[in-house]
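*Asks:* Handing you a structure now.
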Amino acid sequence: MLESLRERGVRTDVPTLFVLDGAKALRAAVESVWGRNALIQRCQVHKQRNVKEHLAKGYWPELSRRLGEAYGKTDYDRALALLKKAAVWLEGINPDAAASLREGMDETLTLVRLGVHANLRKTLASTNVIESAFSVVERVTGRVKRWRPGMMRWRWCVAGLLHVEQHFRRVDGHRHIAALLAALERAVSPAEIDEAGKAD
């Protein structure tokens, strides 16, 4: 699918932010097509959900408090330190929960590291935005009783996306997208930017 997007004109030669749920195959596909231009933000909602699966419900409120505090920080080093502290806390409860938090931990803070404004960071820190759109597509395609061969599945998926598009609103924090793009450029090619700064 990603290769098809590239063939149809989607640029893969520019820094691009990907918000992923942690699926290794999807990450491998993104890196295969975008290479060093891909920056990964791991979905914070999926991360918390995955850690919770290893814990009794009684620990969930404290986990949410700790992760919420970390994800709310604007300083990357401080946020990472809080996540590491949470992992140590989890180690004494369930080592699998601690391992789950540590896996890809730094990538749950990519937007913090990039210095993205809080409003935009809240929107892009999880896959919720696209998943809400896909849930509508699922509902629309779920009404089909008889699938015909050929492109019918694609057509129904597109019909569902066109339907949900009518309800799209501007992304919260959209005024800060230009700053995000600049941050992506700096993150992907720091050496070239440093040289340009010296030349000025």
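Bear in mind these aren't lab numbers, they're just calculated from the coordinates by the rules spelled out. Computed from a predicted model, the values in this text were never measured in an experiment. Positions of Cβ are backbone-derived with ideal geometry, glycine not excepted, and every protein chain shown enters the neighbour counts.
*Asks:* Of [x] 33, 16, 15; [y] 31, 27, 16; [z] 24, 21, 18, which one was derived for semi-axes √(5λ) of the Cα gyration tensor in Å from the structure shown?
*Replies:* [y]
*Asks:* Additional query: For the charge dipole of segment 46-103, defined by +1 on Lys and Arg C-beta atoms and -1 on Asp and Glu C-beta atoms about the Cα centroid, which residue among Ala81, Pro61, Ile93 has the Cα displaced farthest towards the positive pole?
*Replies:* It is Pro61.
*Asks:* Based on the mean of other Cβ atoms within 10 Å per residue, sort peptides 145-155, 36-46 so the most packed one is first.
*Replies:* For the peptides 145-155, 36-46, the packing ranking is 36-46, 145-155.
*Asks:* I've got another one for you. What distance in nm separates the two pseudo spin-label positions at Glu103 and Glu185, each 7 Å out from Cα along the beta-carbon direction?
*Replies:* So the two model labels end up 3.7 nm from each other.
*Asks:* Let me ask another. Compare the peptides 107-113, 25-31 by average per-residue count of other Cβ atoms within 10 angstrom and give them in order, highest first.
*Replies:* In descending order of packing, they fall as 107-113, 25-31.
*Asks:* So how much slack lies between Val45 and Arg148, counting 0.36 nm per residue of separation and subtracting their Cα-Cα distance, in nm?
*Replies:* 33.4 nm
*Asks:* When only Cα pairs under 8 Å and 6 or more residues apart are kept, what is the percent relative contact order across segment 1-100?
*Replies:* This gives 21 percent for segment 1-100.
*Asks:* Please report how many Lys pairs in the chain have alpha carbons closer than 15 angstrom, counting only residues at least 8 apart along the chain or sitting on separate chains.
*Replies:* Lysine pair count for the chain: 6.
*Asks:* Another one. Please say if segment 24-87 is rounded, prolate or oblate, where rounded means a/c under 1.5 for a ≥ b ≥ c the square roots of the C-alpha gyration tensor eigenvalues, and otherwise the choice is prolate for a/b larger than b/c and oblate otherwise?
*Replies:* Oblate.
*Asks:* Among Glu53, Glu165, Glu103, which one moves the most in a GNM of the chain with springs linking Cα atoms closer than 10 Å?
*Replies:* It is Glu165.
*Asks:* When Lys and Arg each count +1 and Asp and Glu each count -1, what net charge do the other residues less than 11 Å away from Thr108, Cβ to Cβ, add up to?
*Replies:* Value of the local net charge: +1.
*Asks:* Describe numerically, in nm with one decimal, the distance between label points set 7 Å from Cα along Cα→Cβ at Glu7 and at Asp75.
*Replies:* Reported label-point gap for Glu7 and Asp75 is 5.0 nm.
*Asks:* When only Cα pairs under 8 Å and 6 or more residues apart are kept, what is the percent relative contact order across segment 46-103?
*Replies:* Value for segment 46-103: 40 percent.
*Asks:* Residue separation times 0.36 nm, minus the C-alpha to C-alpha distance between Glu131 and His117: what's the value?
*Replies:* 2.8 nm
*Asks:* Continuing with this model, one more query. Per DSSP H run of at least 4 residues, take -39500 (n - 2.57); add these up for the chain, divide by its residues and hand me the 222 nm value, nearest 500 deg cm²/dmol.
*Replies:* Helix contribution divided over all residues of the chain: -18500 deg cm²/dmol.
*Asks:* Below 8 Å between Cα atoms, with a sequence gap of 6+, how large is the relative contact order for the chain in percent?
*Replies:* This gives 22 percent for the chain.
*Asks:* Note down the net charge around Leu17, summing +1 for each Lys or Arg and -1 for each Asp or Glu among other residues with Cβ under 12 Å from its Cβ.
*Replies:* So the environment of Leu17 carries a net charge of +1.
*Asks:* What does the charge add up to near Val136, with Lys and Arg as +1, Asp and Glu as -1, over the other residues with Cβ less than 12 Å from its Cβ?
*Replies:* My count for the surroundings of Val136 gives -1.
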